[in-house]
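Structure record follows, encoded as structure tokens.
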Amino acid sequence: MPVERKHCQCQDTQFHFLERAFESLHLEAAQRELLLSAFRETTVSIPLRPHHADGGELQTFMGYRVQHNHARGPFKGGLRFHPSVNLGELRALAQLMTWKTALVDIPFGGAKGGIAVDTSQLSEHALEILTKRFTQKMAPVFGVHQDIPAPDIGTNPQVMAWILEEYSKNHGYTPAIVTGKPIELGGSAGRLESTGHGVAYITEKVASEMSMPLKGASIVIQGFGNVGFHTAQHLAAMGAHIIALSDAHNGVVCETGIDIQHAQRHVSETGWLEDLPGCEPVSNAELLELPCDILIPAAIEATINCDNVEAIKARLVVEAANIPVTHLADTILRERGITVVPDLLANAGGVLASYYEWVQNLQEFPWEKETVMLRLEQRLNRVYEQVRDLARERNTDLRTAAYELAISRVNQAILLRGF
Ligand code: NAD
């Protein structure tokens with residue numbers, strides 16, 4: 001069953017990446033076990049009549065929140081609304097958030113949650129009710145200093161606004177309960193584009209150190225949602241040629257470079273990239289194997305795996321999505337001399353901007369967009385240099401160095417606080 005395979009692959013991958021770093025840090029088995037265990041996992045059932053107006057059937061949706069570790073601060077992580085959502089996948093993604101927040105050195109832990117639902121089958125009204133019922137049931141484990149959700153696949157600022165509203169009914173107006181919300185409700189300038197902006201920023205840094213100027217570089221991006229679109233937009237503005245893009249249906253390719261604004265308009269009008277004028281069709285599988293300088297998976301987990309890794313032709317792979325490369329594929333990419341920028345570094349711009357949003361909400365004092373972007377770039381630059389320098393010092397890859405830095409910070413916080 002495809003969902004089960006993905007679920008196992010995702011957890012296995014995370015486990016193998018961590019094992020490499022654990023070995024290098026000489027952590028004992030008991031410490032490893034503690035670092036791997038989730039603090040709390042909450043499962044709720046949400047009854048809904050999605051098509052109530054038509055006298056539709058009652059359906060029960062399953063909602064989850066995995067809170068992995070909060071040694072360094074409140075749990076932080078996205079909510080995913082997607083049919084494949086399951087506890088195994090969320091465990092791996094929640095852990096990844098713990099390492100990501102530690103790597104960029106912000107006072108948060110890691111969590112992930114969501115609902116197993118195909119939102120394309122729900123009306124806007126049904127989605128609002130589903131989100132609010134989920135929030136009612138999760139309210140005991142959410143909190144401004146306890147657990148702060150954010151958008152992920154299938155959720156957006158509107159979904160965050162519904163959570164804010166539902167939570168505020170019992171707690172008073174509480175904008176800091178979620179990040180990634182609309183600016184009108186205390187969202188931060190720059191949050192929407194922050195993940196893609198960060199991906200583009202880090203891509204430029206790594207490419208220039210590989211003597212590969214972005215101007216004229218050919219780039220393939222899988223996924224054209226929040227992260228894929230903003231990444232493409234920023235890289236195109238830096239002079240790169242985005243030669244192929246895709247969404248859950250299919251991809252499009254144009255050797256001379258795709259006009260990103262044009263592609264975005266086409267998607268808003270038709271719903272998909274398919275039939276984008278001036279482009280040829282390409283499947284998602286073919287897209288990953290196209291000749292290019294840089295490949296950016298920005299969709300879902302495990303899209304680069306044992307089935308296609310030998311056919312990857314890029315010199316640089318930047319993980320805009322979470323866990324898009326399986327551990328076996330990662331080993332093969334390394335053996336083939338292809339540089340991989342790991343997710344916890346590449347897409348950390350999103351959680352950094354979320355942190356800035358939370359700080360602005362607590363201060364009740366919004367910052368200018370320039371302040372947000374400047375702080376984002378300065379922090380990403382510092383983190384990238386720390387990871388790169390450690391990788392050079394230890395003669396290891398960027399991923400292992402990033403995990404080492406993150407794990408040692410979380411471990412230190414646990415030891416200082418005691419059990
Ligand atoms: P999104 O829902 O806005 O977009 C997802 C895109 O991927 C869409 O274009 C969708 O059509 C496409 N897609 C879905 N299934 C696909 C498949 N099987 N093959 C190819 N394309 C597929 O989600 P997003 O917020 O852009 O998130 C994308 C990735 O980035 C996820 O892995 C997410 O966890 C990660 N991420 C997001 C953020 C953020 O701030 N949104 C931050 C860090 C990491």
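The values are calculated or read from the model by the stated rules, or taken from the named source; none is laboratory data. Predicted model only: the values in this text are computed from it and were never measured. A quick note on method: Cβ atoms are made from the backbone with ideal geometry, for glycine too, and the neighbour counts reach across all protein chains shown. Accessible surface areas use protein heavy atoms only, side chains included; no ligands, DNA or RNA. Shrake-Rupley method; radii C 1.70, N 1.55, O 1.52, S 1.80 Å.
Laid out as a table, the results:
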{"read-out": "Directionally averaged projected area (convex hull, Cα atoms, the stretch 37-182), nm²", "value": "8.3 nm²"}
{"read-out": "Approximate spin-label separation GLU377-GLU41, in nm, with each point projected 7 Å along Cα-to-Cβ", "value": "4.3 nm"}
{"read-out": "Long-range amide H partners of CYS306 with built H, under 5 Å", "value": "ALA329"}
{"read-out": "Choice from THR270, THR400, THR13 showing the highest fluctuation, given a GNM over the chain with Cα pairs closer than 10 Å", "value": "THR270"}
{"read-out": "Relative frequency of Cα-Cα separations exceeding 19 Å in the stretch 257-324, percent", "value": "41 percent"}
{"read-out": "Cross-link table LYS100/LYS205; LYS76/LYS137; LYS76/LYS369; LYS100/LYS169; LYS205/LYS313, entries beyond 26 Å C-alpha to C-alpha", "value": "LYS100/LYS169"}
{"read-out": "Debye-sum result for the stretch 239-285 in log10 I(q)/I(0), which assumes one identical scatterer on each alpha carbon, at q = 0.15, 0.18, 0.21 Å⁻¹", "value": "-0.31, -0.45, -0.62"}
{"read-out": "Span from the the stretch 134-181 Cα centroid across to the the stretch 335-410 one, whole angstrom", "value": "24 Å"}
{"read-out": "Ordering of 336-349, 29-42, 209-222 by burial proxy (mean other Cβ atoms within 10 Å per residue, highest first)", "value": "336-349, 209-222, 29-42"}
{"read-out": "Carbon + sulfur, % of accessible area of the chain - ligands and nucleic acids excluded, 1.4 Å", "value": "52 percent"}
{"read-out": "Lys, Arg +1 and Asp, Glu -1 on Cβ, resulting dipole of the stretch 351-415 about Cα centre, debye, nearest 20", "value": "240 debye"}
{"read-out": "Using θ = phi - 60° and Karplus 6.51 cos²θ - 1.76 cosθ + 1.60, couplings along the stretch 73-90 (whole Hz; Gly, Pro as x)", "value": "x, x, 4, 9, x, x, 10, 10, 10, 7, x, 8, 4, 8, 4, x, 4, 5"}
{"read-out": "Whole-Hz ³J(HN,Hα) from phi, Karplus 6.51 cos²θ - 1.76 cosθ + 1.60, for the stretch 314-322, glycine and proline x", "value": "5, 8, 9, 10, 10, 7, 6, 6, 8"}
{"read-out": "PHE61 long-range amide H proximity, modeled H, under 5 Å", "value": "ILE46, LEU48"}
{"read-out": "Test item: Cα-centred dipole of the chain, Lys/Arg +1 and Asp/Glu -1 on Cβ, debye", "value": "1280 debye"}
{"read-out": "Listed residue (LEU127, ILE115, VAL104) projecting farthest to the positive dipole end of the stretch 74-141, Cβ model", "value": "VAL104"}
{"read-out": "Taking N as its residue count, the alpha carbon Rg of the stretch 197-313 over 2.2 N^0.38 Å", "value": "0.98"}
{"read-out": "Debye, to nearest 20: dipole size of the stretch 227-370, +1 on Lys, Arg Cβ, -1 on Asp, Glu Cβ", "value": "300 debye"}
{"read-out": "Cα gyration tensor shape of the stretch 274-410, rounded if a/c is under 1.5, else prolate or oblate by comparing a/b with b/c", "value": "oblate"}
{"read-out": "For the stretch 290-301, Karplus couplings with θ = phi - 60° (6.51, -1.76, 1.60), whole Hz, Gly/Pro x", "value": "5, x, 6, 7, 10, 10, 10, x, 10, 10, 10, 6"}
{"read-out": "Whole-percent pair-distance distribution, where bins are 20 Å wide, for the alpha carbons of the chain", "value": "27, 61, 12, 0"}
{"read-out": "222 nm mean residue ellipticity, helices alone, for the chain (DSSP H n ≥ 4; -39,500 (n - 2.57); rounded to 500)", "value": "-15500 deg cm²/dmol"}
